[in-house]
Amino acid sequence: HLSILSGLYGVLRPLDAIMAYRLEMGTKLDVDSHPNLYRFWGDKIATAINQRMSAVESKVLVNLASDEYYKSVKGGLLNARVVTPEFKDEKKGSFKVVSFYAKRARGLMTRFIITNRLTNPDELAGFASEGYFFEPQMSTPDNPVFIRLQKK
């Protein structure tokens, strides 16, 4: 039940055949009289996700996309509860999202969900990889936070 967002192809499944390309969703690019890819995709990505979720009778979407890509979804159009995990690293006594590390952590969580065949978003709290662990005090049900302490 994995979907992959693509600026060129829209919503992909893991085994969909595609041509190699380099294009970021946030790239300013005129496409069919649209000023950027967000406008080009419009409601199509949310519609495609709703159709896939309906087909598998799912009411929860675990969003592991970057902010740049999730903006293309138009989350307000989704017929689902959206759970967005967040990954923070300790820096000088506080916790911040470090995009380089968060990207890797999102991939690790994707693997965790698939490998363990998770079906309940509460099970995300069991994720612990590369030093990240669930932090209940910083979390909400729809925004579980995982932190990694600074190495001493």
ask   = Each residue of the range 127-137 in turn: what ³J(HN,Hα) in whole Hz from Karplus with 6.51, -1.76, 1.60 and θ = phi - 60°, glycine and Pro shown as x?
value = 5, 8, 8, 6, x, 7, 8, 5, 10, x, 5
task = Work through the residues other than H34 whose Cβ is under 14 Å from its Cβ and net out their charges, Lys, Arg +1 and Asp, Glu -1.
result = 0
message = Filter K28/K91; K71/K91; K59/K92; K44/K103; K59/K91; K103/K151 down to the pairs with a C-alpha to C-alpha distance above 30 Å, please.
response = K28/K91; K59/K92; K59/K91
key: Euclidean distance between Cα centres, the range 1-53 to the range 109-128, Å   = 25
inquiry  = Need one number: % antiparallel among DSSP beta bridges in the chain, to the nearest 5.
reply    = 65
message = What distance in nm lies between label points placed 7 Å from Cα along the C-beta direction at R117 and A80?
response = 1.9
Cα-based helix-to-principal-axis angle, 44-55 vs the chain, degrees rounded to 10 = 70
request  = Would you mind checking which residues have amide H under 5 Å from V83's amide H? H placed 1.01 Å from N; only 5 or more apart, or other chain.
outcome  = L61, V62, N63
ask   = When the helix-only estimate is applied to the chain (DSSP H runs of n ≥ 4, each -39,500 (n - 2.57), divided by the residue count), what is the mean residue ellipticity at 222 nm, nearest 500 deg cm²/dmol?
value = -7500 deg cm²/dmol
Nearest-0.05 FRET efficiency for V97 and D30, computed from C-beta distance (R0 41 Å) = 0.85
ask   = What is the local net charge at V98, summed over the other residues whose Cβ is closer than 13 Å to its Cβ (Lys, Arg +1; Asp, Glu -1)?
value = +4
query = To the nearest 0.05, how large is the calculated FRET efficiency for F133 and K71 if R₀ is 25 Å and r is the Cβ-Cβ distance?
reply = 0.30
query = Share of the chain's accessible area from carbon and sulfur, percent, 1.4 Å?
reply = 53
remark   = Rounded to whole Å², per residue accessible area for the range 43-140 with a 1.4 Å probe reads 62
task = Working from Cα positions, state the angle (0 to 90°, nearest 10) between the long axis of helix 99-116 and the longest principal axis of the chain.
result = 90
query = What order do R81, R39 take when sorted by accessible area (1.4 Å probe), most exposed first?
reply = R39, R81
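The values are calculated or read from the model by the stated rules, or taken from the named source; none is laboratory data. A quick note: this is a predicted structure, and the numbers were derived from the prediction, not measured. Please note: Cβ atoms are built from the backbone with ideal geometry, for glycine as well, and neighbour counts cover all protein chains shown. What goes into the accessible areas is simple: the full protein's heavy atoms, side chains included, and nothing from ligands, DNA or RNA. Shrake-Rupley method; radii C 1.70, N 1.55, O 1.52, S 1.80 Å.
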